[in-house]
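**Q** Dropping a structure here in C-alpha cells format, bear with me for questions.
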Ligand SMILES: NC(=O)c1ccc[n+]([C@@H]2O[C@H](COP(=O)([O-])OP(=O)(O)OC[C@H]3O[C@@H](n4cnc5c(N)ncnc54)[C@H](OP(=O)(O)O)[C@@H]3O)[C@@H](O)[C@H]2O)c1
C-alpha cells in the first residue's frame, strides 16, 4: 500500500515536472542578439522570451528575415534605433506564418502567410517569432518562397515611397536609379519599369548584366563612365549612394524634375538654381503599399531580387557582406525550414 502511494507521488511529481517543461518551451525562442554596439562577432544566438501580441498586433513565426545595410549600422551603433535598449534583436524584414493574432486583429488569422517591414523603431526580425502591427503586414506573394519574400519589404517599400509617393513617376518619364544592383535599386528599377518609365541605372562592372536582367534600358558602369557625360533630361533621380553621386546629379535633371535621395539631403540652393525639386526620407511601414507590391510580384512584373541566403548561425557573415556596400540584390537569413507548399 505504502509502495503504491510512493509510486503515485513520484508519478505526480514527474507529471508536474514535465508539465513545467512543456509550458516553459512555448514561452521562449531562439533569437540573434547583441549586448554591446560593435563588430559582427557580437551577434549571438540566445534563448529569449517569446513576445506576445498586443491589441492590433500579430505574432508571426518567422521563416526568413531580410538583411539590410541598416541592420549592420544599428549593430555598429552608427544608426541609433529610436528608443532601443540593449540587448537588441536586430532585423526589420520578415516573412512567416501567423501564430497568433492579438485582440482587434481581424485581417489575418493563425496559419496565414504574411510578410512585413517591422519599422526602425521596432526591429526584432532575427528571431523565431516577431511581432508586427497587423496594419503593417501584407499577404506573402503566393509565387514566392518565404526566403524570397523576406527580401522584399524594406527595400521595395523604400523604392515605392521614393518613386511613387515622392516623385510620382509616370509612364514615359526617364528615371535614373543610382546603385541599381543593390537592395533598393533592384526593386526601384523594376517598379519604374512597371510604371512605364525609361530606366537608366548605375552599378559597377560585375553588375552590368544583372542590371540588364532587371530590365534597365541604359546600364552605366560607374567605374568606367561618368553618368553626367552620357545622360541628361532625367525626370526622376533616385540616389541610393549619396555624396559625390548626389552632387553630380543636379545637372542632369530636367527643369521641374526631382532628385529623391535615401542617404543625403539634396542642397536647397543647388535645387533652386536649376528649378528642380529634391527630397530625402526614411522608409515607413505600410501594409497597403506592400500588398500593392505583392500584386506586381504575383503578376510577374516585379521579381524578388534575393541572391544569397545565410543560415541563422552565419548571421555574422551576412552582416559583414551587407556592410561592404557591394552586394548584388538582397541577402536573407534563414530562421526556419520553408514549410511544404
Ligand atoms: N532612407 C531610407 O529609408 C533608406 C532605406 C533603405 C536603404 N537606405 C540606405 O540606402 C543605401 C542603399 O541601400 P541598399 O539596401 O540598396 O544597399 P545595398 O543592397 O548594399 O546596395 C548597394 C548597391 O550600390 C551599388 N554602388 C556602390 N557604390 C556605387 C556608386 N558609387 N555608384 C553606383 N552604385 C554604387 C553597389 O553595386 P556595385 O557593387 O556594383 O558597386 C550595390 O549593389 C544604404 O546606405 C542604406 O542604409 C536608406
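**Q** Look through 77, 111, 124 and report the one residue that is on the phi > 0 side of the Ramachandran plot and without any contact (Cβ under 8 Å) to a residue 40 or more places away in the chain.
**A** Just a single option satisfies the conditions, and that option is 111.
**Q** Does residue 220 fit the bill of being crowded, with 18+ Cβ neighbours inside 10 Å, assigned to a strand (DSSP E or B) and modelled with pLDDT of 95 or more?
**A** For residue 220, the condition - crowded, with 18+ Cβ neighbours inside 10 Å, assigned to a strand (DSSP E or B) and modelled with pLDDT of 95 or more - is met.
**Q** A follow-up question, please. List every residue pair whose Cβ atoms sit under 7 Å apart, with the two residues 6 or more apart in sequence or on different chains, where the first one lies in the range 31-46 and is within 19 Å of residue 94 (Cα to Cα) and the second, anywhere, is loosely packed, with under 15 Cβ neighbours inside 10 Å and at pLDDT below 95.
**A** Pairs that qualify, where the first residue is within 19 Å of residue 94 (Cα to Cα) and the partner is loosely packed, with under 15 Cβ neighbours inside 10 Å and at pLDDT below 95: there are none.
**Q** For the range 293-308, give me each residue that is within 15 Å of the ligand (Cβ to nearest atom) and in contact (Cβ under 8 Å) with a residue 40 or more places away in the chain. Don't jump to the end; show me each part of the working.
**A** First, pick out the residues of the range 293-308 that are within 15 Å of the ligand (Cβ to nearest atom): 293, 304-308.
Correct list: 293, 304, 305, 306.
**Q** Continuing with this model, one more query. Which of the residues belonging to the range 267-279 are surrounded by fewer than 22 Cβ atoms within 10 Å (Cβ to Cβ) and either within 24 Å of the chain's Cα centre (by Cα) or part of a strand (DSSP E or B) (or both)?
**A** 277, 279
**Q** Of these, 332, 283, which one is assigned to a loop (DSSP other than H, G, I, E, B), at pLDDT 95 or above and buried (at least 23 other Cβ atoms within 10 Å of the Cβ)?
**A** Exactly one residue qualifies, and that residue is 283.
**Q** Anything in the range 248-257 that is within 16 Å of the ligand (Cβ to nearest atom) and out of contact with any helix residue (DSSP H, G or I) (no Cβ under 7 Å at 6 or more places or on another chain)? List them, or say none.
**A** Passing the criteria: only 249.
**Q** Restricted to the range 191-201, and to residues that are out of contact with any strand residue (DSSP E or B) (no Cβ under 9 Å at 6 or more places or on another chain) and assigned to a helix (DSSP H, G or I), which residue is farthest from the ligand (Cβ to nearest atom)?
**A** Once the filter is applied, the top-ranked residue is 194.
**Q** Could I ask something else about it? Considering 131, 177, which residue is crowded, with 17+ Cβ neighbours inside 10 Å and more than 11 Å from the ligand (Cβ to nearest atom)?
**A** Matching residue, one of 131, 177: 131.
**Q** Further question: Please give the number of the condition residue 187 fails out of (1) part of a helix (DSSP H, G or I); (2) away from the ligand (no atom under 11 Å from the Cβ); (3) buried (at least 24 other Cβ atoms within 10 Å of the Cβ).
**A** (2)
**Q** Within the range 236-247, identify whether any single residue is more than 24 Å from residue 282 (Cβ to Cβ) and either near the ligand (Cβ under 8 Å from one of its atoms) or in a helix (DSSP H, G or I) (or both), and answer yes or no. Full working, then the answer.
**A** Step one: list which residues in the range 236-247 are more than 24 Å from residue 282 (Cβ to Cβ), which gives none.
There is no residue in the range 236-247 that is more than 24 Å from residue 282 (Cβ to Cβ) and either near the ligand (Cβ under 8 Å from one of its atoms) or in a helix (DSSP H, G or I) (or both).
**Q** Could you check residue 291 against (1) in a helix (DSSP H, G or I); (2) out of contact with any strand residue (DSSP E or B) (no Cβ under 7 Å at 6 or more places or on another chain) and say which number it fails?
**A** Every condition holds for residue 291 apart from (2).
**Q** Could I ask something else about it? Given the conditions (1) within 16 Å of the ligand (Cβ to nearest atom); (2) within 30 Å of residue 145 (Cβ to Cβ); (3) surrounded by 16 or more Cβ atoms within 10 Å (Cβ to Cβ), and given that residue 227 satisfies all but one, which numbered condition is not satisfied?
**A** (2)
**Q** Given the residues 319, 326, which is the only one that is within 16 Å of the ligand (Cβ to nearest atom) and in contact with a helix residue (DSSP H, G or I) (Cβ under 7 Å, 6 or more places away or on another chain)?
**A** 319
**Q** Report, by residue number, each residue of the range 294-329 that is surrounded by 15 or more Cβ atoms within 10 Å (Cβ to Cβ), touching a strand residue (DSSP E or B) at 6+ places or on another chain (Cβ under 6 Å) and in a strand (DSSP E or B).
**A** Scanning the range 294-329 gives 306, 308, 309, 310.
The values are calculated or read from the model by the stated rules, or taken from the named source; none is laboratory data. Owing to the predicted nature of the structure, the values given are computational and were not obtained by experimental measurement. Every residue, glycine as well, gets a Cβ built from its backbone with ideal geometry; the counts of neighbours run over all protein chains shown.
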